[in-house]
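Nothing in this text is a laboratory measurement; each read-out follows from the coordinates by a stated rule. Note that the coordinates shown come from a computational prediction; the quantities given were computed from them, not determined experimentally. So basically every Cβ, Gly included, is an ideal-geometry build from the backbone, and we count neighbours across all protein chains shown.
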Amino acid sequence: MSGRYSTASPEMVPPPSQLAYYRFGDRGPPLILLHGLLGSKANMAAVARELAGRNRVFALDLRNHGDSLHAPSMTYEGMAADVLRFLDEHELEKAALIGHSMGGKCAMQLALSHPLRIERLVVVDIAPRGYPQPFWQGYLEAMSSLELAGLATREDADLALRSAIASRLYRQFLLSNLNRSPKGGYFWKVNLKALLAGATTLAGEITARGTYDGPALFMRGGCSKHVRCEDAKLINRLFPASRLVTIEGAGHLLHIEAKERFIEELVAFL
């Protein structure tokens, strides 16, 4: 895809085949940003702007999210293959890869299966292991049960989700997926049916084998329980050149809750 894009106001680029994306900056080493479950390229835009001065930054919508394709399956093999195809389509021989939560597992899957294509790796608040009782299962169920036909405003949706999701920050994050139709009414941009069907797979461990020996940074929120101290052994075995950084006071959405510290760690690593 040719053309220049402003780092201040990106143009949404329609997907030539699969993945929609924003591009920030037109020079420097390529950097790919992968959002978490129920996130999107828009959620990563603030981080992308901060990094665009030194990198060509591509913020992607993963499958069944944002403006990307809706597919029946949600596997890390499939998502990693989508991103690999994106690299090929844009003639990116190697790129740095940053992934949050589900996007972090996708990034790990790709780095382990195609290590020569990944310049360096950043994984945000997720470990390579399985998660037997993922907290987000309730989010998917609450969103799916929302009566969209009865909504007059986005505030109605926020109120309807309040009993299931106490945190206003998380409700607003989830409601970024709620769009108004030009004909009236609301619809979910995410493919909730596919996400619910793939919930067990998404909660599972990554399946790629081998190791990624390139530079790797794992970041976790000090108030989050997604990356435990005992996870370090598995992380170090799969990513022997990795280090783990804790951002105190932040939860799972540490790129939003502690953006300045998050950016500082990224810039120092990149």
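With a ≥ b ≥ c the root eigenvalues of the C-alpha gyration tensor of the range 136-196, is it rounded (a/c under 1.5), prolate (a/b larger than b/c) or oblate? Write down the numbers at each step before the final one.
Details: a/c = 1.76, a/b = 1.21, b/c = 1.45.
Cα axes put the range 136-196 in the oblate bin.
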Over what distance in Å are the Cα centres of the range 70-85 and the range 110-160 separated? 15 Å
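Do any GluC sites (Glu not before Pro) in the range 107-204 lie in a DSSP loop with no more than 14 other beta carbon atoms within 10 Å, and if so, which? Provide the component values of the computation, followed by the final result.
Details: sites: 119, 141, 147, 155; in loops: 147.
Those satisfying the criteria are 147.
Could you tell me the calculated FRET efficiency between residue 116 and residue 264, based on Cβ-Cβ distance and R0 = 25 angstrom, to the nearest 0.05?
Working: r = 29 Å, r/R0 = 1.16.
Efficiency computed from Cβ-Cβ geometry: 0.30.
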Rounded to the nearest 0.05, what FRET efficiency is calculated for residue 213 and residue 77 with R0 set to 22 Å and r the Cβ-Cβ distance? 0.55
Report the equivalent ellipsoid semi-axes for the chain in whole Å, largest first, defined as the square roots of five times the eigenvalues of the gyration tensor built from alpha carbon atoms. 28, 22, 18
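Would you calculate, for the chain, the mean residue ellipticity at 222 nm contributed by helices, counting each DSSP H stretch of 4 or more residues as -39,500 (n - 2.57) and dividing by all residues, to the nearest 500?
Details: 11 runs with 92 residues, N = 270.
Helix contribution divided over all residues of the chain: -9500 deg cm²/dmol.
Taking the beta-carbon count within 10 Å as an exposure proxy, list 226, 90 from fewest neighbours to most. Provide the component values of the computation, followed by the final result.
On the way: 226 19, 90 16.
Placing the least packed residue first, the sequence is 90, 226.
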Going through the range 241-270, which GluC sites (Glu not before Pro) have at most 14 other Cβ atoms within 10 Å and a DSSP loop state? 248
Cross-link pairs 225/259; 189/225; 233/259 - those with Cα-Cα distance over 24 Å: 189/225; 233/259
Approximate spin-label separation residue 93-residue 144, in nm, with each point projected 7 Å along Cα-to-Cβ: 4.5 nm
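Could you list 270, 121, 110 so that the one with the fewest beta carbons within 10 Å of its beta carbon is first and the one with the most is last? Before the final figure, lay out the partial values.
On the way: 270 18, 121 26, 110 30.
Arranged by neighbour count, lowest to highest, 270, 121, 110 become 270, 121, 110.
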Positive end of the dipole of the range 173-245, charges at C-beta (+1 Lys, Arg; -1 Asp, Glu), about the Cα centre: which of 210, 236, 197 has its Cα farthest in that direction? 197
Please give the peptides 30-39, 174-183 ranked by average Cβ packing (other Cβ atoms within 10 Å per residue), highest first, as a rough proxy for protection. 30-39, 174-183
Toy charge model, Lys and Arg Cβ at +1, Asp and Glu Cβ at -1: the range 136-196 dipole around Cα centroid in debye, rounded to 20, equals 200 debye
Separation of the residue 27 and residue 236 label points, Cα + 7 Å toward Cβ, nm: 4.2 nm
Sites residue 228 and residue 54 - FRET efficiency at Förster radius 30 Å, r taken between beta-carbons, to 0.05: 0.35
What does the extension gain come out to for residue 133 and residue 159, with contour length at 0.36 nm per residue minus their alpha carbon separation? 6.8 nm
Under a crude label model (7 Å from the Cα following the beta-carbon direction), how far is residue 205 from residue 172 in nanometres? 3.8 nm
